[in-house]
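Trainee: Here it is, the structure in full.
Every read-out reported here was derived from the displayed coordinates using simple, explicitly stated rules and does not represent laboratory data. A quick note: this is a predicted structure, and the numbers were derived from the prediction, not measured. As a convention, Cβ positions derive from the backbone with ideal geometry for all residues, glycine included, and neighbour counts pool all protein chains shown.
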Amino acid sequence: MPTVVDFFLFEHGHVHSREVAPSVVLNLEDLLCDGLADEILRRQPDEHTNSIVWLLWHMARSEDVGINLMLVGEPQVLDEQDWAQRMNVPDRDIGTGMTMQDVARMSGQADPSAVRAYRRAVGERTRTLVANVDWATLDETVPTQRIDSAISTGALRPAASWVESFWRDQPLMFFLWLATGHNYMHLQEAFIARDRCGSGIGL
């Protein structure tokens, strides 16, 4: 009989690439990105719309912080293998609170292949960790020291200070949403950006 972990991994597989979850029939990241040139991934179709590469990075950063720092209290994937340098994105925060000028700067400099590789590494780590989580503890409020660690490591920029207050009241279960529902939400945004760039399909 399928378990709650099985359900999470099934949903999580949908929002990542086939390399993260090869057993899932539909991997939305591949449907979004396959065949797209870097120029399209970096493009902001208008001054109010995020680029696809920024959205992929934001999803990955949010999942990395949410699962590693907040859910299990472990180091981020970002701090392994020089990911910031490889992506050419020095920002350590999750992107919430960035201005559209910040988004444009990041979109223009980021290496889309490296961003996708980082997101893949984050997704793979999530699947390993969640398979071993004690689900009986997930109704507990996130420990204060994990919030403090996220702040001290630069996960939130000053313009996103409201996120800190919001996180402090959340049960650990909430951070699983950053690896599933949050990704679904921003993948929808990414498909819209792709359509507005005149290249691709809707979702």
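Trainee: Kindly put F191, F166 in sequence by how many other C-beta atoms sit within 10 Å of each C-beta, fewest to most.
Mentor: Working: F191 19, F166 11.
Fewest-to-most ranking of F191, F166: F166, F191.
Trainee: Choose one of A104, H16, Y118: the residue whose Cα lies farthest towards the positive end of the charge dipole of the stretch 1-156 (beta-carbon charges +1 Lys, Arg; -1 Asp, Glu; about the Cα centre).
Mentor: A104
Trainee: Using the crude model of +1 on Lys and Arg Cβ and -1 on Asp and Glu Cβ, and no other charge, please compute the dipole size for the chain relative to its Cα centre, in debye to 20.
Mentor: 300
Trainee: Taking the stretch 98-148 as the region of interest, what is the percent of Cα-Cα pairs per 5 angstrom bin, listed from the shortest bin to the one with the maximum distance?
Mentor: It works out to 4, 14, 11, 15, 17, 14, 13, 9, 2, in whole percents.
Trainee: Specify the residue with the greatest mean-square fluctuation among T180, T153, T126, computed from a Gaussian network of the chain linking alpha-carbon atoms under 10 Å apart.
Mentor: T153
Trainee: Suppose R0 equals 35 Å; then what is the FRET efficiency for V25 and E164 from their Cβ-Cβ distance, rounded to the nearest 0.05?
Mentor: Calculated transfer efficiency: 0.40.
Trainee: Subtract the Cα-Cα distance of D6 and E189 from 0.36 nm times their separation in residues, and report this length gain in nm to one decimal.
Mentor: Numbers: separation 183, 0.36 × 183 = 65.88 nm, distance 2.65 nm.
Gain on extension, D6 to E189, equals 63.2 nm.
Trainee: Over the stretch 4-196, what is the relative contact order in percent, taking alpha-carbon pairs closer than 8 angstrom and at least six residues apart?
Mentor: Contact order relative to length: 31 percent.
Trainee: What is the gain in length, in nm to one decimal, between H48 and Q81 on full extension, counting 0.36 nm per residue of separation less the C-alpha to C-alpha distance?
Mentor: Between H48 and Q81, full extension yields an extra 8.6 nm.
Trainee: Return the ratio Rg/(2.2 N^0.38 Å) for the chain, where Rg is computed over Cα atoms only.
Mentor: The value comes to 0.98.
Trainee: Would you mind putting 106-117, 39-50 in packing order, based on average other-beta-carbon counts within 10 Å, highest first?
Mentor: 106-117, 39-50
Trainee: Using a Gaussian network model on the chain with a 10 Å cutoff between Cα atoms, which of S17, S152, S51 fluctuates the most?
Mentor: In the Gaussian network model the winner is S152.
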